[in-house]
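Working notes, structure below.
Bear in mind that the values in this text are calculations on the coordinates, not laboratory data. What you are looking at is a predicted structure, and each value in this text was computed from that prediction instead of being measured. When we count neighbours, we look across all protein chains shown, and the Cβ atoms used for this are built from the backbone with ideal geometry, even at glycine.
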Amino acid sequence: MSGSYGSSHAGAVPGGQERNASEVATFQWFAVRTRYRFEKKVAALMSQKNLQVYLPLLTERHTWSDRQTNVTVPLFPGYAFVHIDQSTALRQAVMHTPGFCGFVSFGGIIVPVPPPQIEHLRLLLQQSVPFSLHPFIHVGRRVRVRGGCLDGLEGVLLQNQERKLVVSLESIQRSLAIDLQGYELDLV
């Protein structure tokens with residue numbers, strides 16, 4: 001049902017040099033906008049530049065008149081995530097990637113994505129828990145899942161007809177909702 005595209009070059013920089021542990025600690029996740037349907041290409045090109053990239057992917061079954069096939073598509077069309085520091089060299093490496101449109105910013109300031117949001121998204125996709133896209137919400141009770149395969153996952157609790165947990169990426173204002181039947185919750 002899901003997957004991701006990315007590289008694990010934690011301390012690599014363009015040119016193949018490695019950074020020491022203190023420099024890697026200053027790295028942050030940033031959301032980048034991509035050209036329409038260029039998400040995979042941008043992620044691949046950034047990986048070739050030894051940049052750590054995360055592109056959450058979703059496998060869908062598509063039906064045409066003559067066949068059915070599984071297609072891997074970006075979970076958030078038009079967005080990818082890159083793990084860099086604020087150095088000019090790494091920002092230039094990202095900005096000179098074909099298909100790159102810009103860093104996600106608010107008021108002209110590039111804002112990092114908190115690491116727990118990336119970790120929660122990865123956990124949700126790795127566990128293959130059924131989910132659906134959900135409109136972005138700002139209010140609600142924040143809760144954390146206790147136990148099970150989603151232990152530690154945080155989000156906003158919705159209690160209308162069914163108990164659902166909404167996991168949000170605030171920087172790109174996108175959310176996913178999962179059914180919480182059978183999970184114990186703690187208030188955050």
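Summary of computed values
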item	result
Candidate set from segment 173-188 (those that are farther than 30 Å from residue 104 by Cα and charged (D, E, K, R)); member that is surrounded by the most Cβ atoms within 10 Å (Cβ to Cβ)	184
Those strands (runs of 3 or more DSSP E) lying entirely in segment 42-154 with at least 2 residues surrounded by 12 or more Cβ atoms within 10 Å (Cβ to Cβ) and among the aromatic types (Phe, Trp, Tyr)	79-84, 100-103
Which listed residue is under 23 Å from residue 82 (Cβ atoms) and touching a helix residue (DSSP H, G or I) at 6+ places or on another chain (Cβ under 9 Å), from 110, 118	110
